Amino acid sequence: MHRTHTCGELTINDLTKEVTLSGWVAKSRDLGGMTFIDLRDRYGITQLVFNMEDNEQLCSEARKLGREFVIKVTGTVIERSSKNLKMPTGEIEIKVSKLEILNAAKTVPFMIEDETDGGDDLRMKYRYLDLRRSVVRKNMELRHKVAHETRNFLSSHKFIEVETPVLIKSTPEGARDFVVPSRMNPGEFYALPQSPQTFKQLLMVSGFDRYFQIVKCFRDEDLRADRQPEFTQIDCEMSFVEQEDILNMFEGLFKHLFKSVKGIDIPSVPRMTYADAMKYYGSDKPDIRFEMKFVELNDIVKGKDFKVFDDAELVVGICAKGCASYTRKQMDELTDFVKRPQIGATGLVYCRYNEDGTIKSSVDKFYNEEELQKWVNAFEAEKGDIILILAGNANKTRKALNELRLEMGNRMGLRDKNTFAPLWVLDFPLLEFDEESGRWHAMHHPFTSPKPEDIALLETNPGAVRANAYDMVLNGTEIGGGSIRIHNKELQALMFKHLGFSKEDAQKQFGFLMDAFEFGAPPHGGIAFGFDRLCSLFAGLDTIRDVIAFPKNNSGRDVMIDSPSTIAQDQLDELKIATKN
Ligand code: ASP
């Protein structure tokens, strides 16, 4: 027998028991005639003690053990003289009578400690060692819990988990496909699913009614912004539902996860239209942990000979509470911030409402105090506040002000990781215009249903057509999105036409789905949550890599197994593939 207990289990209640433990040597210290070893496994750490006086040979053997040796010990549980009440096993230790080395270990490349000396690259190369660190393991435990509670909740609401294939045909989620050559069909390729979208819709046609799957998806996109080429979704679909049914069901899931995993009660999730999100926050994923809403100023600032404002499509600002005392240097930093190429503003106008009641702006030449008072009123600013204003092209200016708002949120400490502010964003546009291709693209995906009352606009004003599409946003991050689907062949064909597909192309790529719609397709809709992102937010982490056991680096590479890699010539020959090099 390798163990009677785990290393996280024994307490003062187990005194005098004879036990056997197995695990890794985390640390050892020699103190006079004694040797103490911290024995680690997944469950915790238990202190072992060896004594020269009691058993010289055993103690000398213990002194030779290196870090990360795998050992098995038998001994008696005794009370510690100096207790460590911070750990569950901290009141006891094991007086060892028998020691067996199960496996030796080379010197590990970094310390297996919460605070390790290993850099990122090294830890990724030896990820299996990194996963031994309890901070990393805890993230995986949390991930397991979220998955488990997801399954509990959805199963209890009659959802069934159905696996869909991985070798499929392109699914249009807006990224590039990963493709897999078919040996049996030379010159032909499978695509890996960007999501199981078409399959889950087909399952609705099959009458499955409530489907979910915790599923891997693959998207070949640039990996900036904390993305992974393969990631996990909680993918769901329901039949005979309207948007309201979906929002309620998945708000339920969301609340259940918060309660069961984090012990937090989430009150009902507020809702905002896409149009309002853009108007008041300049983003389709507003961080509503703090207010600082946009206020548009066109009506009160124009016509005073300040060319920047007069020429601008939009003049819009935010009011930062209590920041009137920002120094010159701080204002210069903010100006530099908005002028960064990624943000792209040409400058920042500010207006201080000082504690003494005076109002001073960076454009005093054009606006006297009476004019500035109008600004203060528009923002409902109070003494001590500062107003920050950007101007220019409407879309760009909103985007830039969104960045500035988030930056101010950070500076003012308003974005606490332990505060959770979810939000539904509703009524997304159906289509968005892509400058590069000069065409309309589906904002969500081509199966999303337009709002019935907007269908007529498809011909005349495609950009104004709203979709029955929704996103769930948490703390400024999109964590899920979905839509009510088209379930009728004619409407689906019309949609493909508007997306620039020829009849033949639409038939070739999605004929199977349109055919299915002719055999009794129920009204249906669904949603998918980004599982990795949800876990990382639950864990208070900044990157999804930390909740993935074996993640890829920024170039999509797994440095541990060294993949991607070249393949042998005969494999290429078999696949009838020639590579250029
Ligand atoms: N397939 C969609 C996605 O991956 C989600 C959905 O519409 O259900 O974003």
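Does residue 480 satisfy the criteria of being buried (at least 20 other Cβ atoms within 10 Å of the Cβ), within 11 Å of the ligand (Cβ to nearest atom) and closer than 18 Å to residue 231 by Cβ? Can you show your working first?
Numbers: buried (at least 20 other Cβ atoms within 10 Å of the Cβ): yes; within 11 Å of the ligand (Cβ to nearest atom): yes; closer than 18 Å to residue 231 by Cβ: yes.
Yes, satisfied.
Please tell me if residue 308 is outside any loop (DSSP other than H, G, I, E, B), open to solvent by 70 Å² or more (accessible area, probe 1.4 Å), under 16 Å from residue 400 (Cβ atoms) and not polar (S, T, N, Q). Outline the logic, then answer.
Values: outside any loop (DSSP other than H, G, I, E, B): yes; open to solvent by 70 Å² or more (accessible area, probe 1.4 Å): yes; under 16 Å from residue 400 (Cβ atoms): yes; not polar (S, T, N, Q): yes.
For residue 308, the condition - outside any loop (DSSP other than H, G, I, E, B), open to solvent by 70 Å² or more (accessible area, probe 1.4 Å), under 16 Å from residue 400 (Cβ atoms) and not polar (S, T, N, Q) - is met.
How many residues are in a helix (DSSP H, G or I), in contact with a helix residue (DSSP H, G or I) (Cβ under 8 Å, 6 or more places away or on another chain), within 29 Å of residue 154 (Cα to Cα) and not β-branched (Val, Ile, Thr) when one looks only at segment 511-546?
Looking only at that region, the number is 14.
Hey, among the residues in segment 437-453 that are of a type outside the set (Lys, Arg) and away from the ligand (no atom under 13 Å from the Cβ), which one's surrounded by the most Cβ atoms within 10 Å (Cβ to Cβ)?
We begin by selecting, within segment 437-453, every residue of a type outside the set (Lys, Arg); these are 437-438, 440-450, 452-453.
Next, from what is left, pick out any that are away from the ligand (no atom under 13 Å from the Cβ): 437-438, 440-441, 450, 452-453.
Working: 437: 9, 438: 8, 440: 19, 441: 15, 450: 26, 452: 9, 453: 9.
Restricting to residues being of a type outside the set (Lys, Arg) and away from the ligand (no atom under 13 Å from the Cβ), the top hit is 450.
When segment 4-57 is examined, which residues are found to be of a type in the set (Ser, Thr, Tyr) and assigned to a strand (DSSP E or B)?
Taking segment 4-57 first, the residues of a type in the set (Ser, Thr, Tyr) are 4, 6, 11, 16, 20, 22, 28, 35, 43, 46.
20, 22, 28, 35, 46 - these are the residues of segment 4-57 that are of a type in the set (Ser, Thr, Tyr) and assigned to a strand (DSSP E or B).
Any idea which residue in segment 117-137 is farthest from the chain's Cα centre (by Cα), counting only those that are assigned to a loop (DSSP other than H, G, I, E, B) and modelled with pLDDT under 95?
Start the filter on segment 117-137 by keeping residues that are assigned to a loop (DSSP other than H, G, I, E, B), which leaves 117-119, 126, 131-133.
Now restrict to residues that are modelled with pLDDT under 95: 117-119.
On the way: 117: 26, 118: 25, 119: 23 Å.
Going through the qualifying residues, I end up with 117.
Can you list residue pairs whose Cβ atoms sit under 8 Å apart, with the first residue in segment 153-174 being in a loop (DSSP other than H, G, I, E, B) and the second being aromatic (Phe, Trp, Tyr) and away from the ligand (no atom under 15 Å from the Cβ)? Count only pairs 6 or more apart in sequence or on different chains.
167/190; 169/190
Within segment 427-436, work out how many residues are without any contact (Cβ under 8 Å) to a residue 40 or more places away in the chain and open to solvent by 20 Å² or more (accessible area, probe 1.4 Å). Let's see the steps before the verdict.
Just the residues of segment 427-436 that are without any contact (Cβ under 8 Å) to a residue 40 or more places away in the chain, to begin with: 430, 432-436.
Now drop any that are not open to solvent by 20 Å² or more (accessible area, probe 1.4 Å), which leaves 432-436.
Qualifying residue count for the region: 5.
Across segment 392-411, what is the number of residues that are open to solvent by 50 Å² or more (accessible area, probe 1.4 Å) and outside any helix (DSSP H, G or I)?
Here the count works out to 1.
Are there any pairs with C-beta distances below 9 angstrom linking a residue in segment 85-97 that is within 11 Å of residue 11 (Cα to Cα) and open to solvent by 50 Å² or more (accessible area, probe 1.4 Å) to a residue that is among the hydrophobic types (A, V, I, L, M, F, W, C) and outside any strand (DSSP E or B), with the two at least 6 apart or on different chains, and if so which?
88/10; 91/12; 91/85
Check segment 547-558 and report whether any residue there is outside any helix (DSSP H, G or I), without any contact (Cβ under 8 Å) to a residue 24 or more places away in the chain, outside the structural domain of residue 169 (by the TED database) and not aliphatic (A, V, I, L, M).
Looking for residues that are outside any helix (DSSP H, G or I), without any contact (Cβ under 8 Å) to a residue 24 or more places away in the chain, outside the structural domain of residue 169 (by the TED database) and not aliphatic (A, V, I, L, M), one finds none in segment 547-558, hence no.
Here are some residues: 505, 558. Which one is surrounded by fewer than 20 Cβ atoms within 10 Å (Cβ to Cβ), among the acidic types (Asp, Glu) and either within 16 Å of the ligand (Cβ to nearest atom) or at pLDDT 95 or above (or both)?
Working: 505 fails: either within 16 Å of the ligand (Cβ to nearest atom) or at pLDDT 95 or above (or both).
Sole residue among the options that is surrounded by fewer than 20 Cβ atoms within 10 Å (Cβ to Cβ), among the acidic types (Asp, Glu) and either within 16 Å of the ligand (Cβ to nearest atom) or at pLDDT 95 or above (or both): 558.
Please go through segment 199-218 and pick out each residue that is touching an Asp or Glu at 6+ places or on another chain (Cβ under 7 Å) and open to solvent by 40 Å² or more (accessible area, probe 1.4 Å).
216, the sole residue that qualifies.
Being among the acidic types (Asp, Glu), closer than 30 Å to residue 111 by Cβ and open to solvent by 50 Å² or more (accessible area, probe 1.4 Å) is the filter here, so list the residues in segment 129-178 that pass it.
Residues of segment 129-178 that are among the acidic types (Asp, Glu), as a first pass: 130, 141, 149, 161, 163, 173, 177.
Still in the running and closer than 30 Å to residue 111 by Cβ: 130, 141.
The one that is among the acidic types (Asp, Glu), closer than 30 Å to residue 111 by Cβ and open to solvent by 50 Å² or more (accessible area, probe 1.4 Å): 141.
Kindly provide the set of residues from segment 325-369 that are polar (S, T, N, Q), within 20 Å of residue 394 (Cβ to Cβ) and surrounded by 13 or more Cβ atoms within 10 Å (Cβ to Cβ), ordered by number.
So in segment 325-369, the residues polar (S, T, N, Q) come out as 325, 327, 330, 335, 342, 346, 354, 358, 361-362, 368.
Imposing the further condition that a residue be within 20 Å of residue 394 (Cβ to Cβ) reduces the set to 342, 346.
Of everything in segment 325-369, just one residue is polar (S, T, N, Q), within 20 Å of residue 394 (Cβ to Cβ) and surrounded by 13 or more Cβ atoms within 10 Å (Cβ to Cβ), namely 346.
The values are calculated or read from the model by the stated rules, or taken from the named source; none is laboratory data. Only a predicted model underlies this, so the values are computations on that prediction, with no experimental measurement involved. Quick reminder, even Gly has a Cβ in these numbers, built from the backbone with ideal geometry, and neighbours come from all protein chains shown. The accessibility values were calculated without ligands, DNA or RNA, using every heavy atom of the protein model including side chains. Shrake-Rupley method; radii C 1.70, N 1.55, O 1.52, S 1.80 Å.
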